[in-house]
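Let me begin by presenting the structure, written as structure tokens, before commenting on it.
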Amino acid sequence: MTGGSGSCRLRHPSVLAPPQPLARRSLRALGALAPASPAAQLALLAVACLLATGCVKRTLVIRSEPPGARVFLNDQRAGTTPYTKEFLWYGWYRVTLIKDGYDRLDDRALIKAPPHQWIPLDFIAELLPVKFEDTHELSYELVASQPIPEPAPPADLEAPHAESR
């Protein structure tokens with residue numbers, strides 16, 4: 001403080017500077033945090049690429065001839081054929097197709113993982129900035145039901161009754 005007039009004089013002129021827009025302050029802060037060496041910049045770029053990772057899209061497609069059959073996957077109603085679903089787990093699936101006028105079709109289908117989904121390669125595939133698509137298609141042909149014939153009484157049983165009268 002100076003003089004007896006009661007006024008204060010600040011020793012830091014930066015405090016009196018007008019406020020800067022937020023964008024300018026943020027850019028300066030980022031510039032101060034940016035790595036100076038090319039190796040550090042390359043490492044930062046690699047980390048940024050890993051953060052923008054790809055993904056694996058797993059799709060199961062079930063078709064039937066004729067189409068329009070009800071689809072049950074692992075005993076749960078799923079939809080009608082042609083049926084498409086994204087799935088998470090490889091392994092055995094219980095598939096049931098039902099359509100009026102056709103025999104019921106029951107199957108156990110093994111959905112195998114491709115090599116890029118084997119442990120530990122699956123972790124690397126999830127981190128790569130590449131999108132993998134894995135589509136498994138199951139196709140079935142339904143068999144038309146044979147109508148059950150009406151039972152007819154045997155002809156030889158009626159003849160002896162007629163003679164006895």
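Read-outs: derived from the displayed coordinates by stated rules, not from any lab. The shown structure was predicted, so the numbers you read here are calculated from the model rather than taken from an experiment. Ideal geometry is used to build each Cβ from the backbone, glycine not excepted, and the neighbour counts take in all protein chains shown.
Neighbour counts of C-beta atoms inside 10 Å place 119, 111 in the sequence 119, 111, starting with the fewest.
With a simple spin-label model that places each label point 7 Å from the Cα along the Cα-to-Cβ direction, the separation between residue 133 and residue 55 comes to 1.4 nm. Relative to the Cα centre, the charge distribution of the range 56-141, modelled as +1 at Lys and Arg Cβ and -1 at Asp and Glu Cβ, gives a dipole magnitude of about 160 debye.
How would you rank 110, 60, 88, going from fewest to most other Cβ atoms within 10 Å of each one's own Cβ?
Least to most surrounded, the residues fall as 88, 110, 60.
Note on the range 56-141: antiparallel DSSP beta bridges, both residues inside, total approximately 65 percent of the bridges counted. Over the range 56-141, with a single point scatterer placed on each C-alpha, what log10 of the ratio I(q)/I(0) does the Debye formula yield at q = 0.11, 0.12 1/Å? Rounded to two decimals, the profile gives -0.35, -0.41.
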